[in-house]
Amino acid sequence: MSLRKNKNCIIYGGGGFIGSHLAEELINNGYKVTIFDKLNFSKVNILHLGKKIKIIEGDFNNEIDIKNSLNGIDFVFHLVSSTLPGNSNANPIYDVESNLVSSLRLFDECVNQKIKKIIFVSSGGTVYGIPKSVPVNENHPRNPIVSYAVIKNTIEDYLYLFKHNTGLNYVSFRLSNPYGERQNPYSNQGAIAVFLNKVVRNEEIEIWGDGNVIRDFIYIKDAVDALVKSISLDTSKDIYNLGSGKGYSLNKILNEIKLISGKKPKVNYKEARKIDVPKNILDIKLISKDLKWQPKTNLREGLLKSYEYYKKINVEC
Ligand SMILES: NC(=O)c1ccc[n+]([C@@H]2O[C@H](COP(=O)([O-])OP(=O)(O)OC[C@H]3O[C@@H](n4cnc5c(N)ncnc54)[C@H](O)[C@@H]3O)[C@@H](O)[C@H]2O)c1
């Protein structure tokens, strides 16, 4: 493992879906990786990384855990969220306390410990609210309809404030809908993971609405490629959309799944939810230019890789 100077990264929430892929990509690029996640968190996503990573178990809400974990770190990836778009409106106070306050403590400590850059994963699918038109660029007004997105926006605003007042360097990525291996198919986030897993298991898929909502889906390895690139590049902006720049309806996804699996998904269309925006596609011109980055995996390839993964885990369990 490389021990080069200025190569020490910590991923808060690193045991999760995105964090595990990010850790892999950082290691492939010669970085030294520490994963910070909850006490006794499931190691299933990172088992394959073995001794290539250091693990810290702690609580993102605990000031001392944060302070200690930052010792010797150069770059910080902030991937913790205690809420999802779908459940955050139920308790905004919890959202503020567990996500916003803890993030501010982290930023304070990053200033104290002279962290070189914070990379924050925000949400391109929710911070804009219902887009006036698509594709949505970074200057589109932010009119969130879920508390989750209010918090993501506020964290971005505080990052700006910290930068202005203390020089803390950061980049925020407004990530669209990542999918791929290791995404939890039993969570309320990640339609593709849920669909693929249900198809493998021959179970019925529930869709809120008529399946015509359009989303920007990005294969996870393309997304983490951009996150890693942002460490070494001095970007002209602090905030970037991160998506495929392409929109597909849920019905189109189901059709693609039918083609790759040879199975006809069983679907139960239910009443639409108020929190789902009808159409979201991100404009990715800015990130493509500044990071010299493009998503490389087309939808069918990404779905196929993911389908193989869900087939495998269903055989194993
Ligand atoms: N998955 C998506 O569709 C998506 C889209 C846009 C943005 N994001 C953002 O990306 C980030 C990572 O998402 P993910 O899909 O990998 O989620 P995930 O749930 O798979 O991973 C998050 C990790 O954070 C850890 N965590 C939560 N609370 C913690 C705490 N108090 N202390 C320590 N660890 C804690 C969890 O144990 C988990 O391993 C989140 O901030 C999320 O809001 C996700």
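The values are calculated or read from the model by the stated rules, or taken from the named source; none is laboratory data. Values in this document were obtained by computation on a predicted structure and should not be read as measured data. Quick reminder, even Gly has a Cβ in these numbers, built from the backbone with ideal geometry, and neighbours come from all protein chains shown.
At-a-glance table
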{"quantity": "Any hit, region 159-174, residues being within 12 Å of the ligand (Cβ to nearest atom) and among the basic types (Lys, Arg)", "calculated": "yes"}
{"quantity": "Qualifying residues in region 175-190 (those that are among the small types (Gly, Ala, Ser) and either part of a helix (DSSP H, G or I) or in contact with a helix residue (DSSP H, G or I) (Cβ under 8 Å, 6 or more places away or on another chain) (or both)) - the one farthest from the ligand (Cβ to nearest atom)", "calculated": "Gly180"}
{"quantity": "Cβ pairs under 8 Å, 6+ apart, first in region 130-157 and on the phi < 0 side of the Ramachandran plot, second of a type in the set (Asp, Glu) and not in a loop (DSSP other than H, G, I, E, B)", "calculated": "Ser147/Asp95; Tyr148/Asp95; Val150/Asp95; Ile151/Asp95"}
{"quantity": "Residues satisfying the stated conditions in region 249-290, i.e. within 17 Å of Ser176 (Cα to Cα), among the hydrophobic types (A, V, I, L, M, F, W, C) and at pLDDT 95 or above", "calculated": "Leu250, Ile253, Ile281, Leu282, Ile284, Leu286, Ile287"}
{"quantity": "Selection status of Ile119, among the aliphatic types (A, V, I, L, M), under 20 Å from the mean Cα position of the chain (by Cα), within 14 Å of the ligand (Cβ to nearest atom) and surrounded by fewer than 23 Cβ atoms within 10 Å (Cβ to Cβ)", "calculated": "yes"}
{"quantity": "Top-ranked residue of region 291-312 - restricted to ones that are without any contact (Cβ under 8 Å) to a residue 12 or more places away in the chain and over 20 Å from the mean Cα position of the chain (by Cα), ranked as nearest to Glu256 (Cα to Cα)", "calculated": "Glu308"}
{"quantity": "Candidate set from region 122-158 (those that are part of a loop (DSSP other than H, G, I, E, B) and within 14 Å of the ligand (Cβ to nearest atom)); member that is nearest to Tyr240 (Cα to Cα)", "calculated": "Gly124"}
{"quantity": "Qualifying residues in region 124-154 (those that are among the polar types (S, T, N, Q) and under 17 Å from Val213 (Cα atoms)) - the one nearest to the chain's Cα centre (by Cα)", "calculated": "Thr126"}
{"quantity": "Of all residues in region 35-56 being part of a strand (DSSP E or B) and within 8 Å of the ligand (Cβ to nearest atom), the one that is farthest from Ser98 (Cα to Cα)", "calculated": "Phe36"}
{"quantity": "Leading residue by the ranking (surrounded by the most Cβ atoms within 10 Å (Cβ to Cβ)) among those in region 227-279 that are of a type outside the set (A, V, I, L, M) and touching a Gly at 6+ places or on another chain (Cβ under 6 Å)", "calculated": "Gly243"}
